[in-house]
Number of protein chains: 4
Amino acid sequence: MANILIVFASDYGSTRKMAEALAEGVQSAGGTALVKEAEAATLDDLVAADGIALGSPVHMGGMDWRVKKFIDSHCSAAWMKNLLVGKAGAVFASGSGFGNGGGGVELTMLGMLTNLAELGLVILPLSKHLGGYAKAGLQWGPYGRAHNEDLSPKGLDDSQLEAARAHGANLARLAETLKNNKVFA
Amino acid sequence: MANILIVFASDYGSTRKMAEALAEGVQSAGGTALVKEAEAATLDDLVAADGIALGSPVHMGGMDWRVKKFIDSHCSAAWMKNLLVGKAGAVFASGSGFGNGGGGVELTMLGMLTNLAELGLVILPLSKHLGGYAKAGLQWGPYGRAHNEDLSPKGLDDSQLEAARAHGANLARLAETLKNNKVFA
Amino acid sequence: MANILIVFASDYGSTRKMAEALAEGVQSAGGTALVKEAEAATLDDLVAADGIALGSPVHMGGMDWRVKKFIDSHCSAAWMKNLLVGKAGAVFASGSGFGNGGGGVELTMLGMLTNLAELGLVILPLSKHLGGYAKAGLQWGPYGRAHNEDLSPKGLDDSQLEAARAHGANLARLAETLKNNKVFA
Amino acid sequence: MANILIVFASDYGSTRKMAEALAEGVQSAGGTALVKEAEAATLDDLVAADGIALGSPVHMGGMDWRVKKFIDSHCSAAWMKNLLVGKAGAVFASGSGFGNGGGGVELTMLGMLTNLAELGLVILPLSKHLGGYAKAGLQWGPYGRAHNEDLSPKGLDDSQLEAARAHGANLARLAETLKNNKVFA
């Protein structure tokens, strides 16, 4: 059974909802999910996990500074000692969707993924065949677009949370698989 | 009066329409626009221009290979000899918007922008205060999303072309300004 | 036993050497490697593979247009029908290293990785604990820097090829693992 | 005379040295430079500037969290009200260079540039013809690589600071030019 750590920051609750949907997906696949705000997560949490998901709202085209502080403070310590090599990694985000072109979510996700790659984590993409992709999909992970084009709030709908749940379930399976099969020599 | 070269590839016509809207914007600001398909544009076209715009549909999360062939064939020759340093540069794109999160347009635009930066071009962003941004905006340039979430075609609407026209007009002004004021020592 | 497809373009032979080193690594881990130039690789090659590696020289901050043509022509066909979901993916590159800061290799690798993510491939990072990383490492994959700071050629040294071999071996193991364990529901 | 704001974070002093070299370049071109640590810079500093440079060490493939906190706290406020549209922007970084492939500096710079683009700043590239490029150059801005391949510290040498000075001088000229010529309608 895979232990999945889900670390996030959230301002108005959309990223938190995405994090909780990922956790539901993890559990649906038989895993255990620990959902923690970025300011509370620790190095021990990272080490205890078989898979790690990072999530953030999009702020000025990048992740929330609290997620980056977690990365600089705790992930870098794990990197120094190669503590997480070969585990499973994934990202997710929420945002306003202003402009109708992602609003910077791609660089936001890549900013989190680069940290996961530095740590030696095997990265889970979001496949377009999954339920919910049409409303919540980027190849790098599920994106909960919570506003209309005009920036009026619309909240997350269930198909967006469905994509997050699918990503969580796949992450649990990938983490379990990697735990039982050594990939890195 | 600034000469602007607009190089693009297009499959079904959306990127072409964006290119033509940029050209209208250039002309509205008193500039001259030369619109060329990637396979027809040459090194001489680059050298003759005061400003350069590159546009592409999003294919598998990146620019159309014909635009990249133009870059590898002609831009690299200009790079070798520093022929374009200090001119103005901009990008634009079109895409399906499948997934509702940009569909890879951000890396597509960055893939074109990295070439412009290598050439020493000063890069024009798309400011969110411009008309049309809500429907066609990414900070890196105008994005003509031509499909609905379910991939059914919807075409470009006028607010998307409005963003492209604004970008063209701003590019003409930036190119004119840079032509008259030496920035690079 | 995993079948690994290695698709590349090469101008002066450095990327080819990296591709061949990856293939050696694949074989050392018990896999079978098919090394093909981008212009010769086909959709059937993709479908027959359990893992796929893409490699390119860095040209103007992005991948060689021939690799992109392969992506647009053949990977997009696989994407349409979800033919490659859940397989293993990896990237590698070579470049001049001019400027001493990667010379655009990161966006080059991300340009290939975005295609692999769109296809639903699970992505292998290059962990810093692997042999050769200090001379050939980026978290996204091995990088064969073949020139000195002043652009004079120096060729690839064995520690760079060592990193490529390690990446190939890990890719074979990841592909084998994913073949035997279904991650995507 | 252009006022340039230079905002940075630094751990061991390399990014600070780069910031100071940029400031020297600004002054050499007749501009005024205000160099501020990220935790001290304010919205008023941004508004008072004609040009803005952001600099950071590379931490886990991205900018220092203190720079991101500055962006989230102060740049986002300027973005809301379009306060900085049409000014000049630039980035710089320092890092270990571990792996010999940039070590994540490209995404680090793009993470800062996306914020500048969102703000509507015209972006200055680092042209390869400038002095110091061979040792300190990435197209997105000067990079002070302060370590050898084996991670042993080597400090910044003068050609790296020369690239930073050139970037500062060019930024001052670009900011002055844009101040006197309205680009954005």
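Overview of values
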{"read-out": "Test: residue in the range C:18-32 that is in contact (Cβ under 8 Å) with a residue 40 or more places away in the chain and within 14 Å of chain D (Cβ to nearest Cβ)", "value": "yes"}
{"read-out": "Conditions (1) open to solvent by less than 20 Å² (accessible area, probe 1.4 Å); (2) among the hydroxyl-bearing types (S, T, Y); (3) free of Cβ contacts under 8 Å to residues at least 12 places away in the same chain: number failed by D:Y133", "value": "(3)"}
{"read-out": "Residues of the range B:44-63 that turn out to be under 27 Å from C:M112 (Cβ atoms) and either of a type in the set (F, W, Y) or out of contact with any Ser or Thr (no Cβ under 8 Å at 6 or more places or on another chain) (or both), as a count", "value": "4"}
{"read-out": "Residue within the range D:78-100 that is closer than 17 Å to A:L107 by Cα, under 17 Å from the mean Cα position of the chain (by Cα) and more than 14 Å from chain C (Cβ to nearest Cβ) present", "value": "no"}
{"read-out": "When residues of the range B:4-44 are limited to those that are among the basic types (K, R) and in a helix (DSSP H, G or I), the one most open to solvent (accessible area, probe 1.4 Å)", "value": "B:K17"}
{"read-out": "Test: residue in the range D:64-73 that is open to solvent by less than 20 Å² (accessible area, probe 1.4 Å) and either within 12 Å of chain C (Cβ to nearest Cβ) or among the small types (G, A, S) (or both)", "value": "no"}
{"read-out": "Residue check, A:N148 more than 13 Å from the chain's Cα centre (by Cα) and within 12 Å of chain B (Cβ to nearest Cβ)", "value": "yes"}
{"read-out": "Single unsatisfied condition, B:A90 versus (1) open to solvent by 10 Å² or more (accessible area, probe 1.4 Å); (2) under 16 Å from B:M18 (Cβ atoms)", "value": "(1)"}
{"read-out": "The one condition in (1) under 23 Å from B:K87 (Cβ atoms); (2) open to solvent by less than 10 Å² (accessible area, probe 1.4 Å) that D:G144 fails to fulfil", "value": "(1)"}
{"read-out": "Those residues of the range D:91-131 which are acidic (D, E) and under 16 Å from C:Q139 (Cβ atoms), in sequence order", "value": "D:E106"}
{"read-out": "Subset of the range C:1-22 [within 9 Å of C:A53 (Cβ to Cβ) and small (G, A, S)]", "value": "C:A19"}
{"read-out": "Cβ pairs under 6 Å, 6+ apart, first in the range B:107-130 and within 13 Å of chain C (Cβ to nearest Cβ), second surrounded by 24 or more Cβ atoms within 10 Å (Cβ to Cβ) and polar (S, T, N, Q)", "value": "B:L107/C:T114; B:A117/D:Q139; B:E118/D:Q139; B:G120/D:S127"}
{"read-out": "Selected residue (only one of B:L110, B:L83 is open to solvent by less than 10 Å² (accessible area, probe 1.4 Å) and out of contact with any Gly (no Cβ under 8 Å at 6 or more places or on another chain))", "value": "B:L110"}
{"read-out": "Matching residues in the range C:112-144 - criterion: being over 30 Å from A:L171 (Cα atoms) and within 15 Å of the chain's Cα centre (by Cα)", "value": "C:G144"}
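The values are calculated or read from the model by the stated rules, or taken from the named source; none is laboratory data. As the structure is a prediction and not an experimental result, all values here were calculated from the model. So basically every Cβ, Gly included, is an ideal-geometry build from the backbone, and we count neighbours across all protein chains shown. Side chains included, ligands, DNA and RNA excluded: accessible areas come from the protein's heavy atoms. Shrake-Rupley method; radii C 1.70, N 1.55, O 1.52, S 1.80 Å.
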